[in-house]
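The values are calculated or read from the model by the stated rules, or taken from the named source; none is laboratory data. All values reported here derive from a predicted model rather than from experimental measurement. Virtual Cβ from ideal backbone geometry, glycine too; neighbours counted across all protein chains shown.
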Amino acid sequence: MPSHPRLSIVVPFFNESLNVGHFFDRLLPVLASQDLSWEIICVNDGSRDDTLDRLIEAHRHEPRIKVLDLSRNFGKEQALSAGLSNARGDAVIPMDADLQHPPELIPQFLEKWREGYDVVYAIRRQRTGQSLLSRAQAKAFYWLFDKLSDVPLPREVGDFRLLDRKVVDVINAMPERTRFMKGIFAWVGFRQVGIPYEQEERLYGESKWGMMKLMSFAFDGLVAFSDYPLRIWAVVGSVISGFAFLYIVIRLIKTLVYGIDVPGYESIIVIMLFLGGVQLITLGIIGHYLGRVFNEVKGRPLFIIRSRIGLGDDAEGPGQ
Ligand code: UDP
Ligand code: MG
């Protein structure tokens, strides 16, 4: 066997105890049917159930299943980054542990990769188990993202994809701490192609993405890929100043012609409240970017690895 595998599968696990067995049951036959060397890098993202034990158990049966145990729950994007930076394959496929990403698609990924594509992504044909509201939100997000940033995000595309080694190296070298993977994958460019698939329901457990978490994720993504929200206020300010100037002229003429009239309480209150609101929104947006700069400047590591099992130094057995 060559010193490094041809294909690395990277899977983040957070409280996926019930899914672990089923996941490998479906993935391993697909890999076995392919004539190439492989490894599966399982990133345990601080699970609080027995996911880690099950992963170690799987590693005992199949040493090509390797485990990266993070020191706490860092979030899916960070877990993926940890996996990507430890994968050694010529091609890397990140996928979810809940079987929403059908392993049966992997042979098609490999086929396109051999044709010379650097990124092969899977396009969801339908979103199962999603309400009308969340579908509308997703649509609004993509629309806004396309308007505000200069990297168009492919629609209905998640993290399930194949990345060539050169793309993985570029992503690993990116220093930014805000890992909006969807955006990063699109931003790097290279020769990309999509394959449609039907997304299945999550096998066990619930999605870890609540409404609030999803909205903050979307906002973070926008902020990471566009400075438009910062710059728009210059335009808003100019327009408001323009109106204010017009109003000043009107008031002056009116005063000169008709003399001073006292009423005007409503207009003053309305204008003050409106401008106060605009200023607070602006401050909030600037604050968000400032917070982002603060996070980047601190330069803390993206993730902390507690132990590696089957990877690197302690290649044999579970090193606790
Ligand atoms: N995940 C993770 N850390 C987290 C949340 C999720 O590693 O903090 C993993 C999770 O175990 C799964 C994948 O990310 O393998 C996708 O999570 P989920 O199914 O909850 O997201 P959805 O499919 O709803 O987007
Ligand atoms: Mg899922």
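Taken together, Leu36, Leu110, Leu99 contain a single residue that is among the hydrophobic types (A, V, I, L, M, F, W, C), closer than 23 Å to Glu198 by Cβ and modelled with pLDDT under 90, which is Leu99.
In the stretch 63-77, the residues that are touching a residue at least 12 places away in the same chain (Cβ under 8 Å) and within 16 Å of ligand 2 (Cβ to nearest atom) reach residues that are assigned to a strand (DSSP E or B) and not polar (S, T, N, Q) with C-beta atoms within less than 6 angstrom, at least six apart or across chains, in these pairs: Lys76/Pro12.
Considering only the stretch 189-198, I want to know if a residue exists there that is within 16 Å of ligand 2 (Cβ to nearest atom), surrounded by 15 or more Cβ atoms within 10 Å (Cβ to Cβ), touching a residue at least 12 places away in the same chain (Cβ under 8 Å) and under 20 Å from Ser81 (Cα atoms). No; the residues of the stretch 189-198 include none that is within 16 Å of ligand 2 (Cβ to nearest atom), surrounded by 15 or more Cβ atoms within 10 Å (Cβ to Cβ), touching a residue at least 12 places away in the same chain (Cβ under 8 Å) and under 20 Å from Ser81 (Cα atoms).
Among the conditions (1) within 13 Å of ligand 1 (Cβ to nearest atom); (2) modelled with pLDDT of 90 or more, the only one that Lys66 does not satisfy is (1). For Val297, the conditions (1) exposed (fewer than 10 other Cβ atoms within 10 Å of the Cβ); (2) in a loop (DSSP other than H, G, I, E, B) are fulfilled apart from (2).
Let's see how each residue does on (1) in contact (Cβ under 8 Å) with a residue 40 or more places away in the chain; (2) of a type in the set (Asp, Glu); (3) surrounded by 18 or more Cβ atoms within 10 Å (Cβ to Cβ):
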site: Phe109; (1), (2), (3): yes, no, yes
site: Asp118; (1), (2), (3): yes, yes, yes
site: Gln137; (1), (2), (3): yes, no, no
site: Asp146; (1), (2), (3): no, yes, no
site: Ser149; (1), (2), (3): yes, no, yes
site: Pro152; (1), (2), (3): no, no, no
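Considering only residues that are of a type in the set (S, T, N, Q) and modelled with pLDDT under 85, look in the stretch 187-209 and name the one that is nearest to ligand 1 (Cβ to nearest atom). My answer is Ser207.
Can you tell me which residues in the stretch 91-148 are in contact with a helix residue (DSSP H, G or I) (Cβ under 8 Å, 6 or more places away or on another chain), among the hydroxyl-bearing types (Ser, Thr, Tyr) and within 30 Å of Leu52 (Cα to Cα)? Residue satisfying the conditions is Tyr121 alone. Being farther than 21 Å from Ser134 by Cβ, assigned by the TED database to the domain that holds Val151 and under 30 Å from the mean Cα position of the chain (by Cα) is true for just one of Arg202, Arg191, Arg231. Which residue is that? Going through Arg202, Arg191, Arg231 in turn, just one is farther than 21 Å from Ser134 by Cβ, assigned by the TED database to the domain that holds Val151 and under 30 Å from the mean Cα position of the chain (by Cα): Arg191. Of the residues examined, Gly205 is not one that is part of a helix (DSSP H, G or I) and surrounded by 15 or more Cβ atoms within 10 Å (Cβ to Cβ).
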